[in-house]
Amino acid sequence: MNEQKPKANGLRIDIHSHVLPPAWPDFNERFGVSGFPTLEQEDGRTIIKRHGKFFREVWLNITDIELRIAQYSKHGVSVQVISTVPVMFSYDQHAEHALAMSQVLNDHVAEEQAARPRQVIALGTVPMQDADTAISELRRLKEELNVPGIQIGSNVNQKNLGDEEFFPIFEAAADLGLAILVHPWQMMGQADMQKYWLPWLVGMPAEVSRAICSMIFAGVLERLPALRVCFGHGGGAFPFTIGRIEHGFNMRPDLVAVDNPVNPREYLDRIWVDSVTHDPKALRYLLDVMGERRVIFGTDYPFPLGEQKPGEVAAQLDLPEETLRALFADNALEWLGLDKQDYL
């Protein structure tokens with residue numbers, strides 16, 4: 001099949017891409033702990049390790065911004081929204097120690113954004129395990145670093161995002177006008193499905209649905225109507241099981257609607273999801289269910305589960321120009337609260 005290209009040209013923003021600084025301190029040594037990720041060279045390979053064990057291999061395009069700009073511009077991508085690799089969250093560490101890691105990562109993405117303001121948009125990270133510490137870093141991101149949002153995990157030490165202890169963080173993000181990208185990580189059941197890469201193939205979609213349902217059923221979105229949240233990996237299983245979720249809400253409100261009486265389907269136009277589906281039929285369904293203004297172009301660059309040719313899936317659909325403009329740029333700018341003119 002010949003490679004296709006979407007019809008709409010112009011601004012194209014990829015909201016789901018991961019970066020790392022070229023180096024960072026050994027926080028395990030600094031704080032006398034274990035569990036902080038380290039970056040090591042082995043036989044010409046660059047390896048992220050945790051607790052001294054292999055986590056994943058990374059390549060030069062995760063640290064070299066100029067290289068990645070050259071790579072993604074070949075596919076018409078104009079701007080990347082960059083965020084850290086979720087293993088760096090360090091939610092299981094002491095909050096002040098995790099803050100030190102967060103600040104290294106945040107300074108890095110802010111510097112890349114400042115150096116290339118028309119090509120890079122930064123998302124920060126905060127230590128979600130402690131609300132006061134997280135909120136202080138939210139303020140620094142907004143007021144000192146000019147970063148428009150943050151990336152967080154789909155759970156915090158296996159606590160759901162709807163847990164009341166995280167509400168002050170979401171409230172502060174809404175007050176500051178910071179967007180939030182929720183990324184799956186520490187997938188539930190991961191220890192029971194190590195073979196066949198199942199945590200990434202099965203666990204990730206479930207994790208995103210877990211995060212969405214938790215925030216809806218706990219009333220986070222109801223209490224904070226100004227909160228702008230996007231969920232990665234196409235919203236995971238949530239959009240494809242909304243019928244079941246709504247049915248459960250209707251049939252067993254005694255179990256489901258205990259904290260929020262609003263039908264979960266009413267939140268479809270209150271959240272965003274990215275377009276990482278790997279299947280044109282799934283993307284078409286996603287646009288139909290969520291609405292064309294609620295799906296944002298993303299790739300999960302530069303990882304193997306990402307869309308290897310950015311825009312390839314959308315190219316297989318006969319989408320109107322207006323839909324393509326929304327998918328590739330306008331929806332991202334609305335979610336981030338940014339002005340389109342700054343990127344033209």
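Place a +1 charge on the Cβ of each Lys and Arg in the stretch 201-303 and a -1 charge on the Cβ of each Asp and Glu, then give the dipole magnitude about the Cα centre in debye, rounded to the nearest 20.
Working: 11 positive and 12 negative charges, 14 e Å.
Roughly 60 debye for the stretch 201-303.
Find, to one decimal place in angstroms, the Kirkwood hydrodynamic radius of the stretch 23-178, where the mean of 1/r is taken over every pair of different Cα atoms and then inverted.
Working: mean 1/r = 0.0603 Å⁻¹.
Taking the inverse mean of 1/r over all distinct Cα pairs, the stretch 23-178 comes out at 16.6 Å.
Averaging the Cα positions of each part gives two centres, and for the stretch 273-287 and the stretch 130-187 these lie 26 Å apart. Here the Gaussian network model covers the chain, with springs between Cα atoms less than 10 Å apart; of Gly124, Gly35, Gly219, Gly35 fluctuates the most.
Which of the pairs Lys142/Lys281; Lys74/Lys340; Lys53/Lys281; Lys49/Lys159; Lys49/Lys309 have their Cα atoms more than 32 Å apart in this structure? Don't skip to the answer; put the middle values down first.
On the way: Lys142/Lys281 38 Å; Lys74/Lys340 21 Å; Lys53/Lys281 38 Å; Lys49/Lys159 24 Å; Lys49/Lys309 28 Å.
Lys142/Lys281; Lys53/Lys281, as the Cα separations exceed 32 Å there.
Relative to the compact-globule scaling 2.2 N^0.38 Å, provide the ratio for the alpha-carbon radius of gyration of the stretch 126-240.
Computed over Cα atoms of the stretch 126-240, the ratio equals 1.08.
The Kirkwood hydrodynamic radius of the stretch 254-344, based on inverse pair distances between different Cα atoms, is 14.5 Å.
Entry note, the chain: the mean residue ellipticity at 222 nm calculated from DSSP H runs of n ≥ 4, each adding -39500 (n - 2.57), is -9500 deg cm²/dmol after division by the residues and rounding to the nearest 500.
Might you report the magnitude of the Cβ-based charge dipole of the stretch 116-220 about its Cα centre, with Lys and Arg at +1 and Asp and Glu at -1, to the nearest 20 debye?
Values: 8 positive and 12 negative charges, 114 e Å.
Computed about the Cα centre, the dipole is about 540 debye.
Of the residues Val220, Val258, Val182, the one that moves most in a GNM of the chain with alpha-carbon contacts below 10 Å is Val258. With the convex hull of its Cα atoms as the shape, the chain has an orientation-averaged projected area of 17.5 nm².
Hey, fewest Cβ within 10 Å first, where do Trp197, Trp335, Trp185 land in order?
Trp197, Trp185, Trp335
Can you give the percent of C-alpha pairs in the stretch 1-109 whose distance is more than 19 Å? Looking at the stretch 1-109, the distances longer than 19 Å represent 53 percent of pairs.
Please arrange Phe231, Phe55, Phe27 by counting, for each residue, the other beta carbons lying within 10 Å of its beta carbon, fewest first. Display every interim value, and only then the final one.
Working: Phe231 25, Phe55 14, Phe27 21.
By the 10 Å Cβ count, ascending, the order reads Phe55, Phe27, Phe231.
Summed over all non-identical Cα pairs, the Kirkwood treatment of the stretch 24-68 gives a radius of 11.5 Å.
More than 16 Å apart: what percent of Cα pairs in the stretch 216-261 qualify? Within the stretch 216-261, distances greater than 16 Å cover 51 percent of Cα pairs. Result for the chain in a Gaussian network model with C-alpha springs under 10 Å: among Lys309, Lys195, Lys142, the largest mean-square fluctuation is at Lys195.
Values quoted throughout were computed directly from the atomic coordinates according to the rules given, and no laboratory measurement underlies them. What you see is a predicted model, and the numbers here were worked out from it, not measured in a lab. Counting neighbours? That spans all protein chains shown, and the Cβs are built from the backbone with ideal geometry, glycine included.
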